[in-house]
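Taking it in order: structure first as structure tokens, then the write-up.
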Amino acid sequence: MAKRFFVDHDLSKRLERAEGCANAAFVEARKKLLPESGATWMEVGGTYVMFDAPEMPTTQTFGLGMFGALTAADLDRMEAFFFERGAAVNHEISPMADESVWPLIAERRYAPIEFTSLLFMELEAGRIPEDSRTGAVQVRVVHASERDMYGTTAMRGWASEHPEMEEMLKPMMEMIFHATGVTSFVAELDGKPIATGALNIQNGVALLAGASTIPEARRQGAQRALLAARLRYALDAGCELATMGALPGSASQRNAERAGFRIAYTRTKWCLRVNTVQ
């Protein structure tokens with residue numbers, strides 16, 4: 001039987017560190033492939049502080065206040081890191097962060113800009129959901145030589161709902177195949193790619209991300225099949241936990257809960273822009 005995890009500070013630390021490591025792997029990949037990009041990261045008091053590009057979602061901190069008290073000096077150092085690179089300061093913060101975080105965030109006039117339901121599942125044989133469809137949708141791991149196909153399929157899915165994100169997401173497609181710990185999956189129908197999903201394994205935790213289905217192939221079970229395949233892969237790789245983020249109350253959250261995920265907590269992203277600093 002799998003270990004039972006309770007929603008507490010220890011679980012939050014593990015989930016937040018896994019996500020921090022996963023994003024650090026993306027930043028390291030960009031730094032290696034495109035040194036002129038200026039991509040870099042550092043650790044301050046246990047918090048991972050990352051710069052990928054000013055507009056990239058990886059340009060933020062991970063684990064703020066989860067590994068010790070936050071000091072004004074630590075926050076000064078983080079803010080300088082982002083401002084010197086022309087980026088806003090973004091902290092995605094667990095509600096279980098140390099109590100020292102909140103007075104500093106309020107004092108410096110950070111604004112909440114985004115909420116994410118962080119979900120998790122204990123992994124064990126017999127609990128992995130199976131695809132209830134006829135098996136017409138087939139899922140497999142994508143080889144690095146197929147990255148153009150993967151990127152095109154993923155972008156078709158995302159751009160149909162978020163066209164404003166297309167230019168921002170394009171460079172991320174290349175990094176997926178160079179970041180340590182990432183495995184990419186494609187769902188196919190009649191031999192044609194219709195959906196994508198990624199799995200990032202860090203310290204025994206499997207992070208699920210990158211879910212995308214092309215518009216004309218939706219509601220055919222592709223994401224259900226991708227979810228099951230990635231969870232089986234993670235279990236075979238020795239992972240104890242799987243985790244994913246979703247917009248609170250969204251279809252993605254409901255689908256994850258149907259598959260056996262539980263909501264750990266709702267995380268808030270706090271932003272400080274250069275022009276708000278007095």
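The values are calculated or read from the model by the stated rules, or taken from the named source; none is laboratory data. These numbers come from a predicted model, not from an experiment. Neighbour counts are summed over all protein chains in view; Cβ atoms, including those assigned to glycine, are modelled from backbone coordinates with ideal geometry. These area figures cover heavy atoms from the full protein model, side chains too; ligands, DNA and RNA do not enter into them. Shrake-Rupley method; radii C 1.70, N 1.55, O 1.52, S 1.80 Å.
Within region 54-86, can you find the residues that are charged (D, E, K, R), under 21 Å from residue 97 (Cα atoms) and either touching a residue at least 12 places away in the same chain (Cβ under 8 Å) or in contact with a Gly (Cβ under 7 Å, 6 or more places away or on another chain) (or both)? Once the filter is applied, which keeps residues that are charged (D, E, K, R), under 21 Å from residue 97 (Cα atoms) and either touching a residue at least 12 places away in the same chain (Cβ under 8 Å) or in contact with a Gly (Cβ under 7 Å, 6 or more places away or on another chain) (or both), region 54-86 yields 74, 77, 79. Of all positions in region 33-40, at least one carries a residue that is modelled with pLDDT of 95 or more, of a type in the set (Ser, Thr, Tyr), in contact with a helix residue (DSSP H, G or I) (Cβ under 9 Å, 6 or more places away or on another chain) and open to solvent by 10 Å² or more (accessible area, probe 1.4 Å). Which of the numbered conditions does residue 155 fail, given that it passes all the others? Conditions: (1) touching a Lys or Arg at 6+ places or on another chain (Cβ under 9 Å); (2) among the aliphatic types (A, V, I, L, M); (3) more than 22 Å from residue 195 (Cα to Cα). That leaves (3) as the condition not met.
Are any residues in region 238-278 of a type in the set (A, V, I, L, M) and touching a Leu at 6+ places or on another chain (Cβ under 9 Å), and if so, which ones? Give the steps one after another, and end with the answer.
If we filter region 238-278 for residues that are of a type in the set (A, V, I, L, M), which is where we start, we get 241-242, 244, 246-247, 251, 256, 259, 263-264, 272, 274, 277.
Within region 238-278, 241, 242, 244, 246, 256, 259, 263, 264 qualify.
Working carefully through the options 106, 80, 69, find the one that is part of a loop (DSSP other than H, G, I, E, B) and either among the hydrophobic types (A, V, I, L, M, F, W, C) or loosely packed, with under 15 Cβ neighbours inside 10 Å (or both). Only one candidate qualifies: 69.
Does residue 114 qualify as being touching a residue at least 12 places away in the same chain (Cβ under 8 Å), within 21 Å of the chain's Cα centre (by Cα) and closer than 30 Å to residue 222 by Cα? Quick ask: steps written out before the conclusion?
On the way: touching a residue at least 12 places away in the same chain (Cβ under 8 Å): yes; within 21 Å of the chain's Cα centre (by Cα): yes; closer than 30 Å to residue 222 by Cα: yes.
In short, yes.
For region 20-64, filtering for residues that are among the aromatic types (Phe, Trp, Tyr) and more than 16 Å from residue 79 (Cα to Cα) leaves 1. If you go through region 211-228 and keep only what is open to solvent by 10 Å² or more (accessible area, probe 1.4 Å) and within 18 Å of the chain's Cα centre (by Cα), you end up with 211, 213, 223, 227. Can you spot a residue in region 125-134 that is surrounded by fewer than 16 Cβ atoms within 10 Å (Cβ to Cβ), closer than 23 Å to residue 5 by Cα and of a type in the set (Asp, Glu)? Yes: one or more hits. Identify the residue in region 234-275 that is of a type in the set (Val, Ile, Thr) and open to solvent by less than 50 Å² (accessible area, probe 1.4 Å) and, among all such residues, is nearest to the chain's Cα centre (by Cα). Ranking the candidates gives 243 first. All conditions but one from (1) open to solvent by 40 Å² or more (accessible area, probe 1.4 Å); (2) free of Cβ contacts under 8 Å to residues at least 40 places away in the same chain apply to residue 51; the one that does not is (1).
Inclusion of residue 208 among residues that are hydrophobic (A, V, I, L, M, F, W, C), open to solvent by less than 50 Å² (accessible area, probe 1.4 Å), in contact (Cβ under 8 Å) with a residue 24 or more places away in the chain and in contact with a helix residue (DSSP H, G or I) (Cβ under 6 Å, 6 or more places away or on another chain) is warranted. Just name the residue that is nearest to residue 14 (Cα to Cα) out of those in region 83-103 that are hydrophobic (A, V, I, L, M, F, W, C) and part of a helix (DSSP H, G or I). That would be 101. Counting only strands (runs of 3 or more DSSP E) that sit completely within region 155-253, those holding 1 or more residues that are farther than 23 Å from residue 140 by Cβ and at pLDDT below 95 correspond to 241-246. Residue count for region 57-66 satisfying the condition of being crowded, with 22+ Cβ neighbours inside 10 Å and either part of a loop (DSSP other than H, G, I, E, B) or on the phi > 0 side of the Ramachandran plot (or both): 6.
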